[in-house]
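The structure under discussion appears below in the form of structure tokens.
The values are calculated or read from the model by the stated rules, or taken from the named source; none is laboratory data. For clarity, every value in this text was computed on a predicted model and none was experimentally measured. Every residue, glycine as well, gets a Cβ built from its backbone with ideal geometry; the counts of neighbours run over all protein chains shown.
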Amino acid sequence: MQVVSIHPAKTGAPLPRPIMFSSAPAGFPSPAEDHLDRDLDLSAHLIRRPAATFFVRVTGHSMTGAGINDGALLVVDRSEEARDGRVVVAVVDGGHTVKRLRRHAGRCWLEAANPAYTDITDLDSDAHVWGVVTFAINAL
């Protein structure tokens with residue numbers, strides 16, 4: 001999965017949207033409630049550290065198993081710890097890619113979340129984690 005654009009998370013006036021008072025069950029339907037509770041600011045839920053957060057647009061299909069589809073908008077926090085199993089934006093061969101970070105027995109590699117794609121195992125000394133993906137926003 002390739003990064004096609006990177007945008008800083010700007011703070012400022014919130015973009016409030018109404019939120020339903022009740023939850024929406026994914027199983028059996030419940031009676032509809034005709035009122036809204038309060039406004040919901042998506043930035044407050046998606047951005048923990050504005051100065052370290054970026055939006056990244058990606059292309060490709062290597063991470064569909066992780067819920068990241070072609071054209072997804074990712075929220076990336078550069079201050080998060082890049083631990084084993086986290087989805088990261090990494091710099092490899094001078095370009096940005098999105099993969100799952102794997103560390104085991106002194107080895108480090110980038111794992112694709114689609115069996116049609118190979119993992120990146122031959123990381124050179126210039127390869128590094130650029131940030132940790134905290135949210136993926138996809139069209140349904």
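Miscellaneous remarks
- Any hit, segment 34-49, residues being modelled with pLDDT of 55 or more, closer than 26 Å to Gly94 by Cβ and β-branched (Val, Ile, Thr): no
- For segment 94-112, a residue qualifies if it is within 26 Å of Ala9 (Cα to Cα) and outside any strand (DSSP E or B), and exactly one does: Gly94.
- Filter result (among the basic types (Lys, Arg), surrounded by 12 or more Cβ atoms within 10 Å (Cβ to Cβ) and free of Cβ contacts under 8 Å to residues at least 24 places away in the same chain) within segment 68-109: Arg102, Arg103
- Lone unmet requirement of (1) of a type in the set (D, E, K, R); (2) more than 20 Å from Leu140 (Cα to Cα); (3) at pLDDT 90 or above; (4) surrounded by fewer than 16 Cβ atoms within 10 Å (Cβ to Cβ) for Arg57: (2)
- Members of segment 123-140 found to be part of a loop (DSSP other than H, G, I, E, B) and of a type outside the set (Ser, Thr, Tyr), listed by number: Leu123, Asp124, Asp126, Ala127, Asn138, Ala139, Leu140
- The residue that is farthest from Leu73 (Cα to Cα), counting only those in segment 110-132 that are loosely packed, with under 11 Cβ neighbours inside 10 Å and either of a type in the set (Gly, Ala, Ser) or not assigned by TED's automatic domain parsing to the domain that holds Asp70 (or both), is Ser125.
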